[in-house]
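Notes to accompany the following structure.
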Amino acid sequence: MVDMTSARIKYGKLAYISSKAGIHLAQKYYAVRRGRQPGIYRTWPETQKQVSGFSGAQYKSFTTEVAAKSFMTAKATPPSTPTAKRAAGTTTQRATGTPTITVYTDGGSRNTGNVAGGHVRSVDKAAWAYRIELPDRAVTGSAGEFGATNNRMEIMAFRNALQRLVDLGQTQTEIQFVLDSQYVLNAVTKGWLAGWKRRGWKRSAGPLVNAELWQDVDRLLPQFSHLTYQWTKGHATNQGNVFVDHLLNETMDGMHQRPAGADRTVKAAPTQPLSSSSTPTTQHQADTEQSVADIAQSLRNLPFSDN
């Protein structure tokens, strides 16, 4: 008989671990080493309240409580200062001073069951996300696709953030993009984009994948007067990068299995402006809670019996 009392519910990401004993829902542990109230939290919204807008915040997610406690007891690194912009693992390109707007973008895919370097399958989940930090608020966006590559999602995050800035009328201010994709960064800053355009949107070695997305980027970039770019190591200590990584993973968590012949794009809900202390995951929470309820009901209906 399945013991539902051992099931654990984690807000945002829902992982399923099968065993002979039944089905369990795994949790994450969010360790806040430097924040408004340091400690170990079980949900992303709780964690966000402790770190959003907190200068020098340091936090990280773990799959075990032991690992989270180890992070908490380790020596905290000093918070960065305006004079130390070239920290380890971070490269600044064309920096011109403190930006008025900071934009974080990220993309990812889950090619489950594939060998390293293998092609994604049509049922694999992928998603993109951005966070635009304006002087008075933050605006986020995220959506997903089935069967898309990581690079495609990185490009879409960048392109959609540019388009949202245009829609917001923010094209003549100082804007810095922070991203962990060397591919997108090099295309924009090393002249790759211009070369592809000269060759009719082709690479020197052959066809250009996602050419339609790069054409959109080429159309949008000239509308901005002050753009700078910064590379950051993904899934590390840059809090904006960590935020968009969480956001796109929540989008993938909310994607249901793709029916045969269905459109691979998962449409995003309308993006709402958010304050730095608010959470972008209300809909994802509702989806997760509903999923858990469905699982519990299904388990109760199964013909399990004690032997």
*asked:* Of everything in the stretch 133-154, what is more than 13 Å from the chain's Cα centre (by Cα) and assigned to a helix (DSSP H, G or I)? Give them in sequence order.
replied: N151, R152
*If Y130 satisfies every condition in (1) surrounded by fewer than 17 Cβ atoms within 10 Å (Cβ to Cβ); (2) within 21 Å of Q215 (Cα to Cα); (3) not aliphatic (A, V, I, L, M) but one, which is the exception?*
(1)
_In the stretch 20-48, residue farthest from the chain's Cα centre (by Cα) [restricted to those that are assigned to a strand (DSSP E or B) and at pLDDT below 75]_ = G22
_Residues satisfying the stated conditions in the stretch 216-243, i.e. open to solvent by less than 30 Å² (accessible area, probe 1.4 Å), more than 17 Å from P99 (Cβ to Cβ) and modelled with pLDDT of 95 or more_ = V217, L220
*asked:* Can you find, within the stretch 180-215, the residue that is nearest to E133 (Cα to Cα) among those that are in a helix (DSSP H, G or I), small (G, A, S) and open to solvent by less than 40 Å² (accessible area, probe 1.4 Å)?
replied: A187
*Test A187 against the criterion of being of a type outside the set (K, R), out of contact with any helix residue (DSSP H, G or I) (no Cβ under 9 Å at 6 or more places or on another chain) and free of Cβ contacts under 8 Å to residues at least 60 places away in the same chain, and give yes or no.*
no
*Consider F177 against the criteria (1) closer than 17 Å to W214 by Cβ; (2) surrounded by fewer than 23 Cβ atoms within 10 Å (Cβ to Cβ): it satisfies all of them except one. Which criterion is unmet?*
(2)
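The values are calculated or read from the model by the stated rules, or taken from the named source; none is laboratory data. For clarity, every value in this text was computed on a predicted model and none was experimentally measured. FYI the Cβ positions are ideal-geometry reconstructions off the backbone, even for glycines, and counts take in every protein chain you see. Ligands, DNA and RNA are stripped out before the accessible areas are found, and what is left, the full protein with its side chains, is counted by its heavy atoms. Shrake-Rupley method; radii C 1.70, N 1.55, O 1.52, S 1.80 Å.
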